[in-house]
Ligand SMILES: Cc1ncc(C[n+]2csc(CCOP(=O)(O)OP(=O)(O)O)c2C)c(N)n1
Ligand SMILES: Cc1ncc(C[n+]2csc(CCOP(=O)(O)OP(=O)(O)O)c2C)c(N)n1
Ligand SMILES: [Mg+2]
Ligand SMILES: [Mg+2]
């Protein structure tokens, strides 16, 4: 009820934008999963299905000049930031046309030029330092950008959480940390390994403000993130936002997640963000056909991305030693 | 006033014990400093002068079966725990009769047999993991011992603080962390690099109880530590105690500490714990001569320790490869 | 009597048997309890031994490895898993400055009977932060013992020896070996001693010194070479510290030629250490330069076409052998 | 034109000049600002450049080195100090998995122009956790460049080159060199190129390959040997990655004998890497085995009588040279 009223502050267009982003994320992930299952991809992939609303809401609050870091579960961030699904998919395929020329793969998509995307990362917690460092750079240079570090619940147990948030707080860095709490780190339910109901609340230890929001409601996330971004941008220092979300699949694509009680998925499906927002939009007068249209456009877009990735060439084997060093690459790699 | 009343709960004998321990710590340190200045020691030493009351009070609350870890600034803990000043001094001299046969030096005194001293450590924060692990061992074995991790203010900014306290809280380990907050990590005033007035308050992030006490009052520290030890021993999990103390010298012996404002030492001297407790004891009817007697006994004891250390032999050079491995040492060291 | 099981199953058996015989032993790591490990190494352990001895940790590697050191100092026998050896970077201090050093620095007052299992190796398309072979780095820190088995039997036998060893032992397990099914003795007390290499194949022309998955590739190469009349000896080190120098010496005294094969980044590799030792002590035995066949001096790339160039395949080994033998 | 200053002063000058010319550069580490560094490397910097560019950090090495990586990705030029190289264990991830790898893993999208200064070395009676020489470990991670100067001039010239380099450069500074006073060119733009070794002394009988403080010990050894009619060449590598292979080759082609001298733990040392490369490529040039003169395979002991056995002294070098030359 409360939520509904709140949403009336926002235009249909904005909500449709959320919806479109969420559908595009899910569709990208479904395509990636299918390619994985068919053996078209190498390695593992980690899917954002169930976390779309949080990602759509959060990234709507992020300005073009802002920066962000991502994690192993990072496809959704790329889509939400307006990245190119073709190049993202190509990276998953290990193709030369991918964001990282096939050198990084799913866990390492970065786009430092257009998206200000400082990279997904395979090391849990590594983005905490990198995002704080980017914020430090902004502070030193005096630009107007905020850096958003996106990461999962379980990464908050790495020591870097403590070290970097303490520094960011002391130095009042323009930093926002966005925690997508899907309650699991691989198989480990977060409350089995932490002592408090929420994670963002740890920010209080550094006198940093925080918010905990329903990550299946893009508007709630958008509002919290807007507050956080304003706070950080105005020179008041960091802010932590925690969005409670669901991870539909297991940890990686193909993980049966037998470690999870059945209720988890029941709750997840009962709170499916795309369905909920779809209903809301229809309540607001949007035709089902329009929503279907969004879905089929996403299908077509992601079919195209798969086709692009599939048809793209692999890197040439000779490229294997390129890009290690900016200066004197050949000698540094030679011996 | 309040403190005075509180002290009446405690016997003269107990207060005299605090006094004796405090004087012995200071006297040990003064002797060590003199040896250092004379060039009799190798390497650096870090002195506990100004922190004696906190150490005496804390260790009075620790039972014989309990364990502890220490830091680079660890001589005081050894004395407070009832260690042998001779062997401690000999270790500072790099002698074979030292606690570690001269292999560890000032920063690495350990006595796993008698003192249950799991070691001073040269890595800031390392004792946080080791103390938590010892507490885990106690929990698994079901013994009745608590482990006390002693460390300085600035070590609380290492990630291990966060990681280990979170685990200790979740697993309800019999662990007490005792922070001697002398406000400095080398030259860096702690409030320049943290955002909150106290450090123990970070414990709240893990739902761990904590106390902040005047570390120049051994009784206040004793009481807080007794509460903490009882809490931990009864299976309720960890507890953090922060004692505000002064570090009279710079970081290491010989550091002129020019980075510190003059008021720091003025406050320190105005709050000198040995003087304060001495006055209190005299108020309670103890004769000055008795206090002087304690001081001269400590002088004699530490003179003896220096003599012992000085006259002890160095390790034989052939011992250099001993003690690396428990099994197959020779082969493992050979190549 | 023997049976056929996978390498991961063999490791599981080794852990299980030791958990049953040694009540000071406990297991700790990410996803070790409820899930029973991402490679199913500890399924069922939680039920049998309970949450005090099979511990799911938060993602706090420096913290829990530090705790394992503290527990080991108290006489416990922790067996810790790091999900990938690449993550040793987030817990290097408890390993290199604590576990490795505290015995010596305390003048021998304690032992640190800690086992650290680290899945390693490339070939799984896991990219640069999940594909490294970091045994060289670990071997550089005195105080640690290091093993790197290539077979189910060795994996079980070495892990059991590691768990009974009073010193910290790091076990490198190649992820692409886990699913391999192999014969292994039924004997409950089958141990492979730490510090003993294994002549996997006798030969007279050249010695291939290797370990872990590259043993298998070397055996394949040996077959190919045999078909061409080149008879190589394959020496599986199994243990890297302490190294079985007698075995290396004996083999080179026979063959007078050697190559060293590992998946490591070549620069600064343990393969280089072995080569340097051979240069120092067996120079006069050698008919030709000792070559190393290793990874490139790069970050492990994701794309299969690139990654496949970054660790030695049997053909690379064949080529190196021929180069050294001038054939 | 030249002047005589200490090595620490030379490093200070290098940093100062670069801070003045490059406003993207900033300095970060423990006790760098208010105190001006424990070795007085940055006294006065805070006053001149302010707290945005000279940053006192909390004791949070993994955190602030991670931040330096992030800032470098944004085009800043961070110059970070780790108080002792031994502490690389508490910040290994930002160095080895991030700074070293992110350029490659992103397909070359960024440079990481980060300089990490690490005081290193034994001899100061600082015991096992404050005395290591960990250059071998760092050299093993592709993506990093590594320098280890032995003189005031090289220290200044290399640090300036490092600060201008687009790649992450790790600078190993031997703590016992800081107080050495030496001639150094006045020239503001005196640079020593990364990747170029220095023939400190020409000789024809044997090449001593070395770096950092051991260069000085090697020079002393060379004097002693000269008195006995043995004429050694001392090759100061200065840069470890990329290594100046041409210089090594040229020297060994002349002397046909070599030893490698470093303070490292011998097992897994970079000295071993160099020996292995010589074995691979210069085998036919050699008249005798290449020896390494390094530390023992132990933890650095505290007691002076023990510590002095754990790093090479001139006499150890003399002995090794004679052994190799059979004299
Ligand atoms: C330092 C490190 N430790 C462990 C891992 C293995 N690992 C990858 S993702 C993951 C779980 C992360 O959980 P969370 O942060 O909640 O993110 P989610 O997967 O739920 O999105 C683990 C343990 C890793 N990649 N890096
Ligand atoms: C990991 C690590 N970082 C830095 C140092 C260098 N260091 C030694 S003691 C110290 C200051 C510690 O301050 P605090 O914890 O407050 O203890 P105090 O010296 O005040 O007793 C520093 C920076 C170290 N030994 N280990
Ligand atoms: Mg999660
Ligand atoms: Mg302090």
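Rule-based calculations on the coordinates, nothing more; no lab input. None of these values were measured; they are calculated from a predicted model. All Cβ positions, glycine included, derive from the backbone under ideal geometry; neighbour counts span all protein chains shown.
Quick one: in chain A, whose Cβ comes closest to the A/B rotation axis, and how close in angstrom?
Its Cβ sits closest to the axis: A:159, 1.
For a protection proxy built on the mean count of beta-carbon atoms within 10 angstrom, sort D:208-215, C:105-112 highest first, please. All intermediate terms of the calculation are to be shown ahead of the outcome.
Numbers: D:208-215: 29.2, C:105-112: 23.4.
With the highest mean Cβ count within 10 Å placed first, the list reads D:208-215, C:105-112.
So in the protein assembly as shown, what percent of DSSP beta bridges are antiparallel if you round to the nearest 5? Could you put the intermediate results ahead of the total?
Working: 26 of 134 bridges.
If I count the DSSP bridges inside the protein assembly as shown, around 20 percent turn out antiparallel.
Which of the peptides B:301-312, D:238-249, D:85-96 is most tightly packed, and how do the rest follow, going by the mean number of other Cβ atoms within 10 Å of each residue? Numbers along the way, then the final one.
Details: B:301-312: 17.3, D:238-249: 22.2, D:85-96: 27.9.
Top of the packing list down: D:85-96, D:238-249, B:301-312.
Compute the Cα gyration tensor for the stretch D:47-90, then decide on rounded, prolate or oblate, letting a ≥ b ≥ c be the square roots of its eigenvalues: rounded whenever a/c is under 1.5, prolate when a/b is larger than b/c in the other cases, and oblate in all that remain. Walk me through the numbers on the way to the answer.
Values: a/c = 2.18, a/b = 1.31, b/c = 1.66.
Note, shape of the stretch D:47-90 comes out oblate.
Could you tell me the center-to-center distance, by alpha carbons, between the stretch B:207-238 and the stretch A:110-171 in angstrom?
Here the two parts' Cα centres lie 36 Å apart.
Would you mind telling me which residue in A:227, A:194, A:69 has the biggest mean-square fluctuation in a Gaussian network model of chain A, where springs connect alpha carbons within a distance under 10 angstrom?
A:194
For chain C, find the longest principal axis of its Cα atoms and tell me its angle to the long axis of helix C:245-255, 0 to 90°, nearest 10.
Computed tilt is about 20 degrees.
Report, in degrees rounded to the nearest 10, the 0 to 90 angle that the Cα long axis of helix D:314-325 makes with the longest principal axis of chain D.
For D:314-325 against chain D, the angle is about 50 degrees.
Using only Cα atoms, locate the centre of the stretch C:38-110 and the centre of the stretch C:186-233, then give the distance between them in Å, rounded to an integer.
The two parts, judged by their Cα centres, are 32 Å apart.
Which whole number gives the average, over all residues in D:277-285, of C-beta atoms from other chains lying within 10 Å of the residue C-beta? Let's see the in-between values first.
Details: counts 7, 4, 13, 11, 3, 1, 7, 2, 0.
Mean partner-chain Cβ count within 10 Å for D:277-285: 5.
Roughly what % of DSSP beta bridges within the stretch C:2-185 run antiparallel, to the nearest 5?
Values: 5 of 25 bridges.
If we restrict to bridges inside the stretch C:2-185, about 20 percent are antiparallel.
Taking the alpha-carbon set of chain B, what are its Rg and Dmax in Å?
Rg then Dmax for chain B, in Å: 19.7, 67.
What are the distances, in nm and sorted shortest first, from the label point of residue B:113 to the label points of the same position in each other copy, with each label point placed 7 Å from Cα along the Cα-to-Cβ direction?
For residue B:113, the other copies' label points sit at 6.9 nm, shortest first.
From other protein chains only, count the Cβ atoms within 10 Å of every residue's Cβ in D:29-36, then give the mean. All intermediate terms of the calculation are to be shown ahead of the outcome.
On the way: counts 0, 7, 6, 2, 4, 7, 10, 3.
For this peptide, the per-residue mean of nearby foreign Cβ atoms is 5.
Could you work out Rg/(2.2 N^0.38 Å) for the protein assembly as shown, with Rg from alpha carbons only? Don't skip to the end; give the middle numbers.
Working: Rg = 30.6 Å, N = 1324, 2.2 N^0.38 = 33.8 Å.
The protein assembly as shown yields a ratio of 0.90.
Can you give the mean number of other chain Cβ atoms that lie within 10 Å of the Cβ atoms in peptide D:304-312? Present the calculation step by step, with values, prior to reporting the outcome.
Details: counts 7, 12, 13, 7, 2, 5, 2, 0, 0.
Average neighbour count from other chains, rounded to a whole number: 5.
Need one word for the stretch D:2-185: rounded, prolate or oblate. Basis is the Cα gyration tensor (sqrt eigenvalues a ≥ b ≥ c); a/c below 1.5 gives rounded, then a/b vs b/c decides.
Working: a/c = 1.43, a/b = 1.21, b/c = 1.19.
It comes out rounded by the Cα gyration axes.
Would you mind ranking D:160, A:9 by Cβ crowding within 10 Å, fewest neighbours first? Write down the numbers at each step before the final one.
Details: D:160 22, A:9 9.
Ordered from fewest to most neighbouring Cβ atoms within 10 Å, D:160, A:9 come out as A:9, D:160.
With r defined as the distance between the Cβ atoms of residue D:202 and residue A:334 and R0 fixed at 22 Å, what FRET efficiency is calculated, to the nearest 0.05? If you can, show how the numbers build up before the last one.
Details: r = 26 Å, r/R0 = 1.20.
The pair residue D:202/residue A:334 has a calculated efficiency of 0.25.
What full-extension length gain, to one decimal in nm, is calculated for residue A:192 and residue A:299 as 0.36 nm per residue of separation minus the Cα-Cα distance?
Details: separation 107, 0.36 × 107 = 38.52 nm, distance 3.85 nm.
Extending this stretch completely gives an extra 34.7 nm.
What distance in nm lies between label points placed 7 Å from Cα along the C-beta direction at residue B:327 and residue D:228?
Here the modelled spin labels are 4.3 nm apart.
Simple spin-label model, 7 Å along Cα-to-Cβ: residue B:311 to residue A:227 in nm?
Here the modelled spin labels are 7.3 nm apart.
From the square roots a ≥ b ≥ c of the eigenvalues of the alpha-carbon gyration tensor of the stretch C:230-289, which class results: rounded (a/c under 1.5), prolate (a/b over b/c), or oblate?
Values: a/c = 1.41, a/b = 1.34, b/c = 1.05.
Because its axes are fairly even, with a/c under 1.5, the stretch C:230-289 counts as rounded.
Does anyone have the angle between helix D:213-227 and the longest principal axis of chain D? Alpha-carbon axes, 0 to 90°, nearest 10?
20 degrees
For the stretch D:198-325, what is the percent of antiparallel DSSP beta bridges, rounded to the nearest 5? Please report the intermediate quantities before stating the final value.
Values: 3 of 16 bridges.
That works out to approximately 20 percent antiparallel.
What per residue convex hull volume, in Å³, comes out for the stretch D:198-325 when only alpha-carbon positions are used?
Details: hull volume 12.6 nm³, N = 128.
Per residue, the Cα convex hull of the stretch D:198-325 comes to 98 Å³.
Rounded to the nearest 0.05, what FRET efficiency do residue C:308 and residue B:65 have when you use their Cβ-Cβ distance and R0 = 60 Å?
0.55
Compute a Gaussian network model of chain B, connecting alpha carbons closer than 10 Å, and tell me which residue from B:73, B:260, B:192 fluctuates the most.
Result for chain B, Cα springs under 10 Å: B:192 fluctuates most.
Placing a label point 7 Å from Cα toward Cβ, how far apart in nm is residue A:39 from its equivalents in the other copies, listed shortest first to one decimal?
Inter-copy label distances (nm, one decimal, shortest first): 7.6.
Need one number: nm distance between label points at residue C:20 and residue D:48, each 7 Å from Cα along Cα→Cβ, rounded to one decimal.
7.1 nm
Which FRET efficiency value, to the nearest 0.05, do you get for residue C:34 and residue C:188 by plugging their Cβ-Cβ distance into 1/(1 + (r/R0)^6) with R0 = 35 Å? All intermediate terms of the calculation are to be shown ahead of the outcome.
Working: r = 28 Å, r/R0 = 0.79.
The formula returns an efficiency of 0.80 here.
Select from C:132, C:277, C:98 the residue whose mean-square fluctuation is largest in a Gaussian network model of chain C (Cα-Cα springs shorter than 10 Å).
Looking only at C:132, C:277, C:98, the largest GNM fluctuation is found for C:277.
Which order do peptides A:28-35, D:319-326, C:21-28, A:56-63 fall in by mean Cβ count within 10 Å, highest first? Let's see the in-between values first.
Values: A:28-35: 21.4, D:319-326: 16.9, C:21-28: 18.6, A:56-63: 23.9.
Output ranking for A:28-35, D:319-326, C:21-28, A:56-63: A:56-63, A:28-35, C:21-28, D:319-326.
Along Cα→Cβ at 7 Å, what distances in nm separate the residue A:293 label point from those on the other copies, shortest first?
Here the equivalent label points are 9.9 nm apart from this one.
Over 33 Å apart: what share of the alpha carbon pairs of chain D falls there, rounded to a whole percent?
Numbers: 12878 of 53301 pairs.
In whole percent, the long-distance tail amounts to 24.
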